[in-house]
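Take a look at the structure below.
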Amino acid sequence: MSITMSSASLPVLRTALSNLYHCLVKASDNARRRGFDPDVFVGLRLAPDMLPLAAQVRIACDVAKYGAARLGGLQAPRDADDETTLDQLKARIARTLDWLGTVPAEAIDGSEAREIRFTVGRAAEPRVMAGEAYLKHWVLPNLFFHVTTTYALLRQAGVDLGKADFLQGDAAP
């Protein structure tokens, strides 16, 4: 069987978000064991000018759902971006995973040359890419950037995470 756009996107998106969910579960458990409120993690930053952990999780979810939606010519659900707790962030990941589970492979397959139009950043800078380039050079790198950043924030804060947590595979909530 040859690789398809759906096989190169949907399982990768779901696995990365499932691993992110797993890391947040471990963070909650770690905080409780150490005797503090797990929601302290939500505002973590590695540097003063970076987005906090909550934004990292939101963006990872958005990159996954909007990436799949654009490739498939679908409408992704919108979120309010108002999560303030780890439980709310886990719920957002779960909703995103649920929605990704509804995306038909047929909608994404054949999108290699489809023109993908999207905006970037607060300035809403317009971008246009072919579907395959969009997946390889925008969606997947952005997804892994934000999942990795969340992992690094939690690890730096003392959560017992290792490479196996980041790469554990499909462990959807």
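Nothing in this text is a laboratory measurement; each read-out follows from the coordinates by a stated rule. Owing to the predicted nature of the structure, the values given are computational and were not obtained by experimental measurement. For neighbour counting, all protein chains shown are included, and Cβ atoms are generated from backbone atoms with ideal geometry for every residue, glycine included.
Taking amide H as placed 1.01 Å from N in the peptide plane, the amide H of residue 130 sits under 5 Å from that of 116, each at least 5 places away or on another chain. Ranking 4, 50, 134 by how far each Cα lies toward the positive end of the dipole of the chain (charges on Cβ) leaves 50 at the top. Contact order for the chain, expressed relative to its length and based on alpha carbon pairs under 8 Å spaced 6+ residues apart, stands at 39 percent.
Among 93, 116, the order by Cβ neighbours within 10 angstrom, fewest to most, reads 116, 93.
The charge dipole of segment 5-159, taken about the Cα centre with unit charges on the Cβ atoms of Lys, Arg (+1) and Asp, Glu (-1), comes to about 320 debye, rounded to the nearest 20.
The count of lysine pairs in the chain that are at least 8 places apart or cross chains, and whose C-alpha atoms lie under 21 Å apart, stands at 5.
Counting other Cβ atoms within 10 Å as a rough exposure proxy, the listed residues 34, 92 run 34, 92 from fewest neighbours to most.
In the chain, helices alone account for a calculated mean residue ellipticity at 222 nm of -17500 deg cm²/dmol, with every DSSP H run of four or more residues adding -39,500 (n - 2.57). For segment 112-126, 3J(HN,Hα) computed residue by residue from phi via the Karplus equation (6.51, -1.76, 1.60; θ = phi - 60°) reads 3, 9, 4, 6, 10, 10, 7, 10, 10, x, 5, 7, 6, 5, x Hz, glycine and proline entered as x. When both segment 49-91 and segment 102-173 are represented by their alpha-carbon centers, they are found 10 Å apart. Counting neighbouring beta carbons within 10 Å and listing from fewest to most, the residues 5, 50 come out as 50, 5. Working note: Debye formula, equal point scatterers on the alpha-carbon atoms of the chain, no solvent; log10 I(q)/I(0) at q = 0.15, 0.17 Å⁻¹ is -0.82, -1.03.
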